[in-house]
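Asks: Okay, here's the structure, questions in a sec.
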Amino acid sequence: MEFSNNFEKNDKPSDVDFQAFMNKIDFPIDNDYLDFIKNHDGAEGLLDGGIYIMLWRIKDLIEINRSDEDLPEWDNYFFIGSDGSDLRYAFDKRDGSIRFIDLYQLGEVEPENFGTSFNLFLEVLSKKPAL
């Protein structure tokens, strides 16, 4: 996946941070995403189609993906980023797919499925019309 010039990838995470991330993963995760997060501790900016995306840093991933007794449906997802607002991107732990989740609809509407490939997720997202 090629990124636009307006997409900033962070530097490589420390080995300690990457290992902490790997210890948190309790589901089948896409190798494309693992390759990305191993080489870039998050990123943000505009994709080719003008969609803004934030892919969170490892420390943020670990903090955000803690279990929440008040929101048990969150336990099915491993959140990896957002649009900077109410929309989140997450791996569905049940099948490894990448989902597009509106926080206000979680538990009410089935999140949109982008497939199981991180690269395909970015490609599909870059073709969505910017709001």
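The values are calculated or read from the model by the stated rules, or taken from the named source; none is laboratory data. Keep in mind the model is a prediction, meaning the values are calculated, not measured. For neighbour counting, all protein chains shown are included, and Cβ atoms are generated from backbone atoms with ideal geometry for every residue, glycine included. The protein model used for the area step is the full one, side chains on, heavy atoms only, and it has no ligands, DNA or RNA in it. Shrake-Rupley method; radii C 1.70, N 1.55, O 1.52, S 1.80 Å.
Asks: Restricting attention to the alpha-carbon atoms of segment 27-69, what are Rg (one decimal) and Dmax (integer), both in Å?
Replies: So, for segment 27-69, Rg and Dmax equal 12.4, 38 Å respectively.
Asks: A further question follows. So how strong a dipole does the chain carry about its Cα centre when Lys and Arg Cβ are +1 and Asp and Glu Cβ are -1, to the nearest 20 debye?
Replies: 300 debye
Asks: Under a crude label model (7 Å from the Cα following the beta-carbon direction), how far is residue 25 from residue 60 in nanometres?
Replies: Computed distance between label sites residue 25 and residue 60 equals 2.0 nm.
Asks: At 7 Å along the Cα-to-beta-carbon direction for both residue 14 and residue 73, put a label point, then send me their distance in nm to one decimal.
Replies: 3.7 nm
Asks: Take peptides 80-91, 28-39 and line them up by average Cβ neighbours within 10 Å, highest first, as a rough protection proxy.
Replies: Highest-to-lowest ranking by the protection proxy: 80-91, 28-39.
Asks: For segment 47-102, just say rounded, prolate or oblate: build the C-alpha gyration tensor, square-root its eigenvalues into a ≥ b ≥ c, call rounded for a/c under 1.5, and beyond that prolate if a/b exceeds b/c, oblate if not.
Replies: prolate
Asks: Further question: Helix-only mean residue ellipticity at 222 nm, the chain, DSSP H runs n ≥ 4 weighted -39,500 (n - 2.57), per residue, nearest 500. What is it?
Replies: One gets -8000 deg cm²/dmol as the mean residue ellipticity at 222 nm.
Asks: Could I ask something else about it? Which of rounded, prolate or oblate describes segment 73-131 when judged by the alpha-carbon gyration tensor and an a/c cut-off of 1.5?
Replies: oblate
Asks: Right, another one. Quick check for you: with a 1.4 Å probe and neighbouring chains kept, what is the accessible area per residue of the chain, in Å²?
Replies: Ligands and nucleic acids excluded, the figure is 56 Å² per residue.
Asks: Another question, then. Testing the spin-label approximation: label points 7 Å from Cα along Cα→Cβ at residue 85 and residue 52. State their distance in nm.
Replies: 0.9 nm
Asks: Hey, which of these cross-link pairs are over 22 Å Cα-Cα: 38/59; 9/38; 12/127; 38/128; 38/93?
Replies: Over 22 Å Cα-Cα: 12/127; 38/128.
Asks: Using bins 5 angstrom wide from zero, how does P(r) for segment 1-65 break down, in % of all Cα pairs?
Replies: 4, 17, 27, 25, 15, 10, 3
Asks: Beyond 26 Å, what share of the Cα-Cα pairs of the chain remains, rounded to the nearest whole percent?
Replies: When all Cα pairs of the chain are counted, 16 percent exceed 26 Å.
Asks: Longest span of the chain, sites excluded, free of GluC sites (Glu not before Pro) in DSSP loop with at most 11 other C-beta atoms within 10 Å?
Replies: Here the longest segment lacking exposed loop sites spans 3-68.
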